[in-house]
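Novice: For reference, the structure I am asking about is given below.
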Amino acid sequence: MITLQRLNHDTSWKIAINNCRLLLDPWLHGTEIDGFSWFNEQWHRVPPLGVEEIGEVDYIVVSQPFSDHCHEETIEVLSPDLPIVAVAAARKRLEKTFGQSRQFLDIPAAKDGFLEIAELRLAQFNTPSLLDQVHNALLILGPDGENIFYAPHGFVPNAQQISFLQQFPIHLLITTASEYHLPFFLGGTVNLGMRSMQKLAQILQPKHIISTHDEQKHAKGLVPRIARTFYPSAAMVKEKLGNYVAVEDYRVVEL
């Protein structure tokens, strides 16, 4: 069984598989800044849960090095005894802030194997381009088939990755339904949107689908002035994907 709880309306989650509790990409207070505030600064439109409200967790998991996933201000107020399970780029960023005062566990690329924590196994799936660090994903494998594929910006697997993933029936796909487009020189399309969600669902055939990274955040700076966005309603997504589960509040969901 997978139990999960949305912690903000962006892409922070508490996920429990059996007795292992993961705090995924926590951003629970303050703003997030991409480089400089004049370039892009965002904050939550809907207040997230407070750190004191999330209950006990066993690991912090950081899937991306960007500050809406890798939020140092939030991690700083979490218990220093919590191990931080992170992809390489996120670990590099966090070590600049915390040095060796935190315990880090590395999530390897899937081609190099899995990180084992408790009864879970984790691996990262990378895009073919070294210049594209946004559209990466995590595979989390539970001991009894509670397998999760987490692609917060969307993911387009190649043939080799599809073949690899077919070994693991996906119980839950967590990915974005929104579109967020920037000019190519600023990164191009950030969130791949509902069509990408549908294609990924066709490949993975998940039992359940949940959308993430779809908050229409308050923002200031250059980026929000030039971004083109589209945020489909839950009803629109449900119409396209019958196994879509709308999680629009902070209730605990069992899947």
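The values are calculated or read from the model by the stated rules, or taken from the named source; none is laboratory data. The model shown is predicted, which means the values in this text are computed figures rather than measured ones. For neighbour counting, all protein chains shown are included, and Cβ atoms are generated from backbone atoms with ideal geometry for every residue, glycine included. Calculation scope for accessible area: heavy atoms of the full protein, side chains included, ligands and nucleic acids excluded. Shrake-Rupley method; radii C 1.70, N 1.55, O 1.52, S 1.80 Å.
Novice: Classify the chain as rounded, prolate or oblate, taking a ≥ b ≥ c as the square roots of the eigenvalues of its Cα gyration tensor: rounded when a/c is under 1.5, otherwise prolate if a/b is larger than b/c and oblate if not. Please report the intermediate quantities before stating the final value.
Specialist: Numbers: a/c = 1.24, a/b = 1.03, b/c = 1.21.
Verdict is rounded for the chain.
Novice: Which of the lysines could a cross-linker span from residue 240 if the Cα-Cα distance has to be under 21 Å and same-chain partners fewer than 8 positions apart are dropped?
Specialist: By straight Cα distance, residue 240 reaches 199, 207.
Novice: Can you pull the one-decimal nm distance between simple spin-label points at residue 163 and residue 89, each 7 Å off the Cα toward Cβ?
Specialist: The two pseudo-label positions are separated by 2.6 nm.
Novice: Okay, helix-only estimate at 222 nm for the chain: each DSSP H run of n ≥ 4 adds -39500 (n - 2.57), divide by all residues, round to 500 deg cm²/dmol; what do you get?
Specialist: Values: 6 runs with 47 residues, N = 255.
When only DSSP H runs of four or more count, the value is -5000 deg cm²/dmol.
Novice: For 61, 46, 190, give me the order by solvent-accessible area with a 1.4 Å probe, most accessible first, ignoring ligands, DNA and RNA.
Specialist: Details: 61 0, 46 55, 190 35 Å².
Greatest to least solvent exposure: 46, 190, 61.
Novice: For segment 1-74, which trypsin sites (Lys or Arg not before Pro) are in a loop by DSSP, counting at most 14 other Cβ atoms within 10 Å?
Specialist: 45
Novice: How large is the dipole of the chain about the Cα centre if only Lys and Arg carry +1 and Asp and Glu carry -1, each at its Cβ, rounded to the nearest 20 debye?
Specialist: On the way: 21 positive and 29 negative charges, 170 e Å.
For the chain, the charge dipole is close to 820 debye.
Novice: Please figure out what share of the DSSP beta bridges in segment 41-194 is antiparallel and state it in percent, rounded to the nearest 5. Show your work: numbers first, answer last.
Specialist: Numbers: 14 of 25 bridges.
Here the antiparallel bridges make up roughly 55 percent for segment 41-194.
Novice: Name the shape class, rounded, prolate or oblate, that the alpha-carbon gyration tensor gives for segment 145-255, where a ≥ b ≥ c are the square roots of its eigenvalues, rounded holds for a/c under 1.5, and otherwise prolate holds if a/b is larger than b/c and oblate otherwise. Don't skip to the answer; put the middle values down first.
Specialist: Values: a/c = 2.24, a/b = 1.39, b/c = 1.61.
Note, shape of segment 145-255 comes out oblate.
Novice: What's the extension gain from residue 250 to residue 129 if we count 0.36 nm per residue and subtract their Cα-Cα distance? Kindly include the intermediate steps, with their values, before the conclusion.
Specialist: Working: separation 121, 0.36 × 121 = 43.56 nm, distance 3.56 nm.
Roughly 40.0 nm would be gained on extension.
Novice: Sticking with this structure for a sec: Over segment 1-129, with the other protein chains present, what is the accessible area per residue in square angstrom, probe 1.4 angstrom?
Specialist: Numbers: 5600 Å² over 129 residues.
For segment 1-129, the per-residue accessible area is 43 Å².
Novice: How charged is the neighbourhood of residue 110? Take every other residue with its Cβ under 15 Å from the Cβ of residue 110, and add Lys/Arg as +1 and Asp/Glu as -1. Could you put the intermediate results ahead of the total?
Specialist: On the way: positive: 111, 121; negative: 106, 112, 116.
Net of charged neighbours comes to -1.
Novice: Ignoring ligands, DNA and RNA, what percent of the accessible area of segment 97-247 is carbon or sulfur (1.4 Å)? Walk me through the intermediate numbers first.
Specialist: Values: 3810 of 7380 Å².
The computed percentage sits at 52.
Novice: Still on this structure, please answer the following. Report, ordered by chain and residue number, the lysines lying within cross-link reach of residue 220, taken as a straight Cα distance under 30 Å and ignoring same-chain residues fewer than 8 apart.
Specialist: 14, 92, 96
Novice: Can I ask one more? Please report, as a whole percent, how much of the solvent-accessible surface of segment 17-61 comes from carbon and sulfur atoms (probe radius 1.4 Å).
Specialist: Working: 1180 of 2140 Å².
In segment 17-61, the share of accessible area belonging to carbon and sulfur is 55 percent.
Novice: Sticking with this one: Projected onto the charge dipole of segment 133-255 (+1 at Lys/Arg Cβ, -1 at Asp/Glu Cβ, origin at the Cα centre), which of 158, 185, 235 gives the Cα projection farthest towards the positive end?
Specialist: 185
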